[in-house]
Structures are given as C-alpha cells and as structure tokens.
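The values are calculated or read from the model by the stated rules, or taken from the named source; none is laboratory data. In this text, all values refer to a predicted model and were calculated from it rather than measured experimentally. Cβ placement follows ideal geometry from the backbone for every residue including glycine, while neighbour counts extend to all protein chains displayed. Areas reflect the complete protein model, heavy atoms only, side chains present, ligands, DNA and RNA absent. Shrake-Rupley method; radii C 1.70, N 1.55, O 1.52, S 1.80 Å.
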Amino acid sequence: MSIAELISKLNTLGFSESAFEHAAVDTVDQWAEALATVSGVPSDYVLTKTLIFKPKQPKSAPIAPVVVIAKGDSGTNSTLLGKELGLKDLRFANDDVLTNIFKTSKGSVSPFALGNVPAENVEHIKVVVDQALLADGVGKIAFHPLDSTRTVFIAPATLTSFLESVPGLAAFRPIDFEKLAAAAPAPKPAAAEKKPKKAAKKEVAEVVGSAKLGIEVTKEGDFAKWYQQVVTRSEMLDYYDVSGCYIVRPLAYFVWQQIQEFFDGGIRNLGVKNCYFPMFVSSRVLEREKDHIEGFAPEVAWVTRAGSSDLAEPLAIRPTSETVMYPYFAKWIQSYRDLPLKINQWCSVVRWEFKNPQPFLRTREFLWQEGHCAHLTKDEAMVEVRDILELYRRIYEELLAVPVIEGVKSEKEKFAGGVATTTVEGFIPTTGRGIQGGTSHYLGQNFSKMFNVVVEDPEATGAERPKLFVHQTSWGLSTRTIGVMVMVHGDDKGLVLPPRVAETQIVIVPCGITVKHTDEERRKLYDACLDVAHQLKQLGLRVETDLRDNYTPGFKFSHWELRGVPLRLEIGPKDLEKQSVLTVRRDTFAKQPVSRSDIETAIPALLETIQKDMLVKARKTMDERVKIVLDWENFVPTLNDKCLTLIPWCEREECEEQIKERSSRDSLGDEPEDDKAPSMGAKSLCLPYNQPAEPPIVPGQTKCIQCGHEAKRYALFGRSY
Ligand code: 86X
C-alpha cells in the first residue's frame with residue numbers, strides 16, 4: 001500500500017488529517033524529540049510501538065504471528081504475554097516474516113502492515129491491542145504509517161475500525177499490560193496506584209464540561225458529539241470514573257421505570273413471576289456452559305479479592321444468568337406438573353467489553369430484564385417466544401414511539417446456545433445503522449440437556465416412564481432502549497421525549513411579565529399557572545410549573561426543550577384576559593391556543609397526538625430508508641445512502657460472511673465525502689416476519705443477490721451497532 005492509498009483508506013475510517021514528515025527515528029524517545037520540532041501536530045497524543053512476535057510452533061504449522069500494538073512506554077514482556085495468550089516461547093519475528101508476510105521491515109512496522117498480509121495468512125494472525133491505547137480519555141495515537149520518517153495521529157476508534165476492516169482478521173485481543181505486569185510474580189504496588197490519579201483528572205474535566213448549557217453541535221453535523229451532549233446536558237446520564245460505566249440519572253431512570261411497569265404487567269398476564277438470583281457465579285458453574293461461554297470468556301469480569309486477601313475461588317459477575325438459574329430449574333422441576341416454570345429478573349449484568357463504550361448502547365454494566373422459562377413442548381415455548389417479542393415491539397412502538405422490524409436472526413447472528421433467536425431491530429436514521437432492540441430465544445433442549453432439566457412423559461403409560469428434556473426460552477431487553485429513543489427523536493435543541501415515558505409531560509411557563517406589571521398582576525399570573533397545573537395533575541398528568549423569577553421565559557424554554565418535555569404551556573397577562581393558554585409542542589414546535597374551558601380534554605388529547613405523531617414520523621423515515629435491493633451493484637451504494645436493505649437471500653452463513661467482507665471492501669475509497677461513516681461491513685439484522693410482497697421470491701427462480709444461490713426470503717441487511 002502506498003502512503004496515498006493508506007491515507008485514503010484511513011479517511012474512510014474517520015481520519016481527516018494527513019501524515020507529518022520528520023527525520024527518521026529509531027526509538028520512541030527520538031520520535032518524541034522529532035515530533036516536538038514539527039508544527040501543526042496535535043497538542044496531546046500517545047506514542048506507540050508495534051511489535052511482531054512468533055510463537056514456537058511445529059515446522060508444518062502455518063506461521064501464526066502475534067502483532068502487538070502498544071503504548072510506547074508499556075512494558076510488553078513477551079514471556080508474560082505468551083502465558084496470557086497460551087502460546088509457547090514468543091520471540092520477535094525474523095526479517096523473513098516481516099518482508100514476506102507483512103511487506104515491511106524492522107523500524108517501519110505499524111498496524112497498517114496488517115493491510116498487506118495475504119488472505120491465506122491473515123486468519124492465523126493474532127492481534128493484541130494495549131488497553132492503554134483504548135482507555136477513555138486517550139485522544140490521538142501516533143503511528144508511522146509507512147516508515148519512521150512519517151507520523152499519523154489517529155483516534156482510537158479509527159485504529160479499531162481499521163483492524164475490523166482488515167478482511168479475514170479475527171477479533172483483536174485487548175490486553176492490559178500494566179495489569180499483566182502487576183500480576184507477575186513480583187508485583188509492583190506502585191503500578192496499581194497510578195490509574196485512579198488519571199481518572200480523577202478526567203472527572204474534573206467532565207464536571208467542568210457538564211456545566212455548559214445547550215447543545216453545541218447539530219445532530220447531522222457531529223452525531224457522536226451531539227449524542228454525548230444530549231444525554232449528559234439533558235441530565236439523563238453522567239459520566240463516571242470507571243470507563244464504560246455511566247450514571248443513570250432520574251430523567252432516564254423514569255423512562256426505564258415506565259418500561260418496567262408496562263413489561264411487568266405484560267409478563268404477569270403470561271404467568272411469569274419476578275425473582276432475584278445472586279450476581280456472583282463460581283467458575284465451576286459458569287463453565288458448565290463451556291461451549292458457548294468460550295467466545296465470551298474475555299468479557300467476563302471476576303472478583304478475586306476481599307480486603308487484602310485473595311478469595312479461595314474467584315467469582316465471576318454474571319454476564320447473563322443461564323448458568324446461575326438452570327441448576328435450580330433442574331432442582332425445582334421434578335414432574336411435568338411443575339411446568340411451565342416462568343421466571344424473570346430485573347437486574348444489572350456486567351460484560352467487560354473493549355469496543356468503544358457508548359452511553360446506553362454499549363456499557364460495561366447495564367440494566368436489563370432476563371426472562372427464563374421451561375415448557376413441556378416446543379409449541380408452547382414458541383408461542384411464548386413470540387408473545388414476548390410482541391411485548392418488546394410494543395415497548396418500542398407504543399412507549400418509545402420507535403418503529404422496529406421483527407424477525408428471526410440468521411444462523412450467524414443468533415444466540416449460539418439456542419435454537420432460534422427472534423429480534424426487534426431498530427434503525428438510527430442519522431447514521432443509517434440498524435440496532436438490535438431486544439431478543440427472545442427458543443433454546444430448544446440444548447440447556448435442559450446440559451443441566452439435566454427433565455420430567456417424565458405425561459403421555460407414557462406403564463412402568464417405563466421415558467424422560468423428556470424440557471423446552472426452554474430466554475429473553476432480554478436492556479436500557480439500550482433509552483439510547484435508541486434518544487437517537488431517533490432528539491433534535492438540535494436536545495432531547496425529545498414521547499409523552500408516555502416523559503417524567504415531566506407538561507411544563508407551564510408564565511410569560512410576558514415586564515417592569516410595567518405590578519406585583520399583584522404577577523401574582524395573579526403565577527396563580528393561574530398553578531391552577532392550570534393543579535387541574536392537569538388531577539387528570540393524572542405529570543406537570544411542572546417554572547416560576548423561577550431569576551430566569552427569562554426564553555431561558556426556561558431552552559431549559560425544558562433540552563430536557564425533552566413534550567408540551568409547554570405559556571400563559572401571559574393577555575392569555576389571562578382571553579381565558580386561554582398557548583400550547584407549544586416539543587416535537588414540531590407547533591403553537592396552538594387552547595381555551596381554559598377545554599383544557600381537560602384538549603391537553604390529554606394533544607399529548608396523545610404527540611405520542612402518535614412521533615411514531616408516525618419515525619416510521620415514515622424508517623420506511624423511506626429500508627430499501628429493497630435486487631442486485632449487488634446497488635447494495636453498497638444503498639448502505640452509503642444511510643439505508644438498510646431488504647435483499648433476496650440464500651440464508652447461507654458463508655454468504656453472510658462474504659457480504660460483510662465485500663461490503664466493507666467495496667466501500668473503501670467510495671465515500672470520501674462522508675468520513676464519519678466507517679466503511680463497516682454489513683450484517684444480516686433479521687429475516688423479517690413481514691416480507692415484502694413485491695417483487696415476490698419465486699422458489700427455484702429468485703437468486704441471492706450476492707452469490708446467486710437460490711434465494712429463500714428477503715433478509716434485512718445493514719451496517720449496525
Ligand atoms: C447471550 C443470551 C440470553 C438471557 C439473552 O439474549 C436474553 C437474556 N440471556 C445471552 N450472551 C451470553 O450468553 C454471554 C455469556 C457470557 Cl459468559 C458473556 F460474557 C457475555 C454474553 N453475552 C451474551
């Protein structure tokens with residue numbers, strides 16, 4: 001790859017600068033010195049080193065290099081690293097490997113050399129990324145793009161996007177070298193103490209930032225920043241000093257409670273009961289589910305110490321509760337008369353993810369409900385799977401005013417431990433990406449066989465009573481819902497809340513008071529505001545009056561708009577005379593006077609209208625952006641137009657991989673005008689239950705648009721969160 005090609009590729013991944021030239025350097029120290037003399041470099045950056053190791057392996061085995069991308073001053077001890085990766089005798093790779101596989105040479109190695117690796121070698125490469133480069137607060141990271149005479153400064157997200165864009169490269173492995181060293185035989189206590197200091201500094205920066213009012217960027221202009229500002233400045237959420245963890249403040253928690261109330265009612269009608277299981281899992285129990293846990297293992301968080309002494313047995317914090325609950329299913333279910341067993345718990349779970357955290361959408365601890373049921377028959381279980389999915393759909397559409405597409409996951413995207421995964425998929429128009437909104441699984445007998453959850457066959461007669469493994473379901477919905485709602489409805493003024501989930505549905509602001517008015521007139525106006533508030537509260541509506549006398553009405557409007565309050569009532573001296581109030585909708589800013597005598601019918605009706613219109617508007621946007629695509633040539637361009645696609649598809653896993661690969665590669669260099677949209681590959685989001693009628697899929701005739709095999713159904717494909 002030439003420097004121009006590389007820069008252009010990085011441009012598609014969110015990188016908008018160019019490379020800086022300087023004298024050739026041999027060490028990290030020399031590098032720092034050289035950069036100090038170059039003008040225009042960022043003020044704050046982290047230097048790096050990229051190392052290529054090779055484990056000891058049989059001659060016949062394919063060469064399996066380990067690429068380590070680390071902070072310049074991280075201790076990358078190869079013995080400790082080898083132990084961590086389960087590899088013997090890690091050594092620096094020789095020149096042969098550098099030249100023939102990575103097309104680079106000593107002193108010029110960078111992550112971008114991964115882009116040169118021939119396809120047949122890529123699958124054997126392990127990539128390790130120093131967590132110090134991915135930590136919160138890291139701004140720009142410096143790399144030599146081609147050789148040691150040039151430097152590019154890229155965001156951590158661009159690095160991870162780049163790694164994800166390398167065709168055939170398996171996931172990279174984040175490693176905390178500081179922790180690795182600290183866990184080694186002679187631990188250095190100083191190392192453990194370093195971190196909090198840095199975090200504390202960041203916290204101060206955040207606190208200062210959060211004092212700012214209003215949103216400083218537009219939703220279209222800088223979506224990531226917009227989202228971050230909306231969730232924090234609306235006071236939904238605050239940052240916390242543990243990376244990937246956030247504080248859910250009352251405004252957002254209220255939304256969650258509305259969801260809880262609705263869903264609890266729904267599942268109670270289905271006979272599901274709430275309960276609570278412990279958050280700790282012993283390693284023995286967690287591993288009973290080895291097969292599908294394996295892929296998740298790096299995300300499991302462990303408690304290893306109490307006070308200053310190590311626990312006899314480390315305890316995992318639940319990432320999900322299958323292994324916690326199912327041993328008790330086996331204990332509690334002794335007869336078919338004990339079926340169905342239907343339980344649900346509201347709790348938080350922990351998944352120590354290393355991808356970029358995002359408030360509500362991807363957090364290391366999150367709130368959810370997880371339902372787990374056991375049935376005698378498959379049919380009964382399947383009915384429940386769909387009943388729950390319907391409740392999820394209704395939460396999105398009826399509470400959050402967010403349209404979703406219901407369907408089944410492909411083999412590649414389903415929960416590996418189950419038989420079938422059903423899903424509700426949302427859509428974020430600003431980025432054109434799909435987002436999984438909730439899942440309801442038919443687990444079949446996979447878990448009941450693993451955990452021996454059995455009953456006697458009620459149909460069987462005689463002495464021989466064959467055992468039946470129960471049919472299970474599990475289903476979950478998380479606080480991600482809130483993030484989706486914010487992204488779909490928010491605007492340049494901030495949050496827009498659908499009335500049904502808004503903590504405050506109506507704010508009443510007295511207006512038009514000037515120095516010409518007497519205290520008496522002011523008091524009369526305030527009393528009218530309180531009267532109207534009282535009247536509306538009697539109807540069960542959630543109302544605030546903003547009678548603060550040290551703020552202007554305009555300031556108050558912005559304040560409540562930022563916080564998403566669906567309806568504002570303005571009352572001024574003239575309105576008092578006319579016996580009316582002025583209503584202003586948050587979703588459309590439409591103003592409409594309402595007579596005081598009509599308030600009790602007009603205001604609830606207006607809230608209903610807002611709720612309904614928000615869904616209608618969001619659905620219209622989504623419908624316009626879900627496109628039927630009938631040939632491959634139009635596939636990537638449609639994604640680049642920020643659309644999801646419905647394509648005739650063969651449903652083969654191999655084809656899905658090819659679609660992902662081809663859609664990320666094809667789009668490289670294709671969208672320079674949009675450097676915020678990464679050239680991410682497309683995934684299948686679901687096979688929608690609601691299939692397009694036109695053009696029909698004709699069995700034996702309609703072909704998959706990617707591979708030409710027979711198409712079975714329309715599948716929803718797109719870039720996704
Ligand atoms: C899959 C499956 C299922 C109940 C749901 O989707 C809904 C509620 N559970 C969850 N899953 C894991 O099993 C898992 C396991 C481990 Cl160990 C982990 F670290 C992360 C996981 N993520 C998802």
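Give the residue, chosen from Gly75, Gly14, Gly40, that is over 30 Å from Glu123 (Cβ atoms) and assigned to a loop (DSSP other than H, G, I, E, B). Even if it seems obvious, please write down each step before you answer.
On the way: Gly75 fails: over 30 Å from Glu123 (Cβ atoms); Gly14 fails: over 30 Å from Glu123 (Cβ atoms).
Being over 30 Å from Glu123 (Cβ atoms) and assigned to a loop (DSSP other than H, G, I, E, B) holds for just one of Gly75, Gly14, Gly40, which is Gly40.
Mind telling me which of the residues Lys88, Lys56, Lys49 ends up being out of contact with any Leu (no Cβ under 6 Å at 6 or more places or on another chain) and over 23 Å from Asp176 (Cβ atoms)?
Every option except Lys56 fails the conditions.
Restricting the range 458-475 to residues that are of a type outside the set (Ser, Thr, Tyr) and either within 43 Å of the chain's Cα centre (by Cα) or in a strand (DSSP E or B) (or both), which is nearest to the ligand (Cβ to nearest atom)?
Per the stated criteria, the residue is Trp475.
Within the range 348-355, is even one residue over 30 Å from Thr160 (Cα atoms) and either within 12 Å of the ligand (Cβ to nearest atom) or at pLDDT 95 or above (or both)?
No, because not a single residue in the range 348-355 is over 30 Å from Thr160 (Cα atoms) and either within 12 Å of the ligand (Cβ to nearest atom) or at pLDDT 95 or above (or both).
Taking helices (runs of 4 or more DSSP H) that do not extend beyond the range 476-592, which have at least 2 residues that are within 30 Å of Gly426 (Cβ to Cβ)?
Once the helices (runs of 4 or more DSSP H) in the range 476-592 are filtered for at least 2 residues that are within 30 Å of Gly426 (Cβ to Cβ), what remains is 480-489, 553-562.
Given (1) over 18 Å from Trp352 (Cβ atoms); (2) out of contact with any Lys or Arg (no Cβ under 6 Å at 6 or more places or on another chain); (3) open to solvent by less than 20 Å² (accessible area, probe 1.4 Å), where does Arg150 come up short, assuming only one miss?
It is condition (3) that Arg150 fails.
Let's see how each residue does on (1) crowded, with 18+ Cβ neighbours inside 10 Å; (2) at pLDDT 90 or above; (3) over 20 Å from Ala184 (Cβ atoms):
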{"site": "Ile52", "(1), (2), (3)": "yes, yes, yes"}
{"site": "Pro55", "(1), (2), (3)": "yes, yes, no"}
{"site": "Pro58", "(1), (2), (3)": "no, no, yes"}
{"site": "Ala70", "(1), (2), (3)": "yes, yes, no"}
{"site": "Thr79", "(1), (2), (3)": "no, no, no"}
{"site": "Leu85", "(1), (2), (3)": "no, yes, no"}
{"site": "Leu90", "(1), (2), (3)": "yes, yes, no"}
{"site": "Asp95", "(1), (2), (3)": "no, no, yes"}
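So Val509 passes all but one of these: (1) touching a residue at least 40 places away in the same chain (Cβ under 8 Å); (2) among the β-branched types (Val, Ile, Thr); (3) surrounded by fewer than 24 Cβ atoms within 10 Å (Cβ to Cβ). Which condition number does it fail?
(3)
Could you list, in sequence order, all residues of the range 634-669 that are open to solvent by less than 30 Å² (accessible area, probe 1.4 Å), outside any helix (DSSP H, G or I) and at pLDDT 95 or above?
Those that are open to solvent by less than 30 Å² (accessible area, probe 1.4 Å), outside any helix (DSSP H, G or I) and at pLDDT 95 or above: Cys643, Leu644, Thr645, Leu646, Ile647, Pro648, Trp649, Cys650.
I'm told Glu322 meets every condition in (1) touching a strand residue (DSSP E or B) at 6+ places or on another chain (Cβ under 6 Å); (2) within 11 Å of the ligand (Cβ to nearest atom); (3) assigned by TED's automatic domain parsing to the domain that holds Thr473 except one. Can you identify the failing condition by its number?
Here Glu322 clears every test but (1).
For the range 265-278, give me the residue count where each residue is surrounded by 15 or more Cβ atoms within 10 Å (Cβ to Cβ) and more than 21 Å from Met450 (Cα to Cα).
The total comes to 4.
Among the residues of the range 356-410, write down those that are closer than 17 Å to Leu270 by Cβ and within 14 Å of the ligand (Cβ to nearest atom).
Gln369, Glu370, Gly371, His372, Cys373, Ala374, Glu384, Val385, Ile388, Leu389, Leu391, Tyr392
Got a sec? Which of Leu159, Leu133, Leu163, Leu169 is open to solvent by less than 40 Å² (accessible area, probe 1.4 Å), hydrophobic (A, V, I, L, M, F, W, C) and in a loop (DSSP other than H, G, I, E, B)?
That would be Leu169, the only listed residue that is open to solvent by less than 40 Å² (accessible area, probe 1.4 Å), hydrophobic (A, V, I, L, M, F, W, C) and in a loop (DSSP other than H, G, I, E, B).
Taking Ile3 as the residue in question, decide whether it is hydrophobic (A, V, I, L, M, F, W, C) and either open to solvent by 60 Å² or more (accessible area, probe 1.4 Å) or within 20 Å of Pro174 (Cα to Cα) (or both).
No, not satisfied.
Which residues, taken from the range 546-569, are in contact with a Pro (Cβ under 8 Å, 6 or more places away or on another chain) and open to solvent by 20 Å² or more (accessible area, probe 1.4 Å)?
Leu547, Pro553, listed by residue number.
So, in the range 520-563, exactly how many residues are of a type outside the set (Lys, Arg) and in contact with a helix residue (DSSP H, G or I) (Cβ under 8 Å, 6 or more places away or on another chain)?
Qualifying residue count for the region: 15.
Give me a count of the residues in the range 15-48 that are within 33 Å of the chain's Cα centre (by Cα), farther than 20 Å from Ala113 by Cβ and surrounded by 14 or more Cβ atoms within 10 Å (Cβ to Cβ).
Within the range 15-48, residues that are within 33 Å of the chain's Cα centre (by Cα), farther than 20 Å from Ala113 by Cβ and surrounded by 14 or more Cβ atoms within 10 Å (Cβ to Cβ) number 3.
Could you grab me the full set of residues in the range 426-457 that are open to solvent by less than 20 Å² (accessible area, probe 1.4 Å), more than 14 Å from the ligand (Cβ to nearest atom) and assigned to a strand (DSSP E or B)?
Residues satisfying the conditions are Gly426, Phe427, Ile428, Gly434, Ile435, Val455.
Take the conditions open to solvent by less than 30 Å² (accessible area, probe 1.4 Å), over 19 Å from Leu134 (Cβ atoms) and part of a helix (DSSP H, G or I) and apply them to Ala64. Does it pass?
So Ala64 fails the test.
Using the structure shown, decide if Gly214 is at positive phi, among the small types (Gly, Ala, Ser) and modelled with pLDDT under 95.
Spelling it out, Gly214 is indeed at positive phi, among the small types (Gly, Ala, Ser) and modelled with pLDDT under 95.
Open to solvent by 40 Å² or more (accessible area, probe 1.4 Å) and farther than 30 Å from Leu311 by Cβ: which single residue out of Glu261, Glu287 fits that description?
On the way: Glu287 fails: farther than 30 Å from Leu311 by Cβ.
Going through Glu261, Glu287 in turn, just one is open to solvent by 40 Å² or more (accessible area, probe 1.4 Å) and farther than 30 Å from Leu311 by Cβ: Glu261.
Which of the residues spanning the range 531-541 are in contact with a strand residue (DSSP E or B) (Cβ under 8 Å, 6 or more places away or on another chain) and exposed (fewer than 15 other Cβ atoms within 10 Å of the Cβ)?
Lys537
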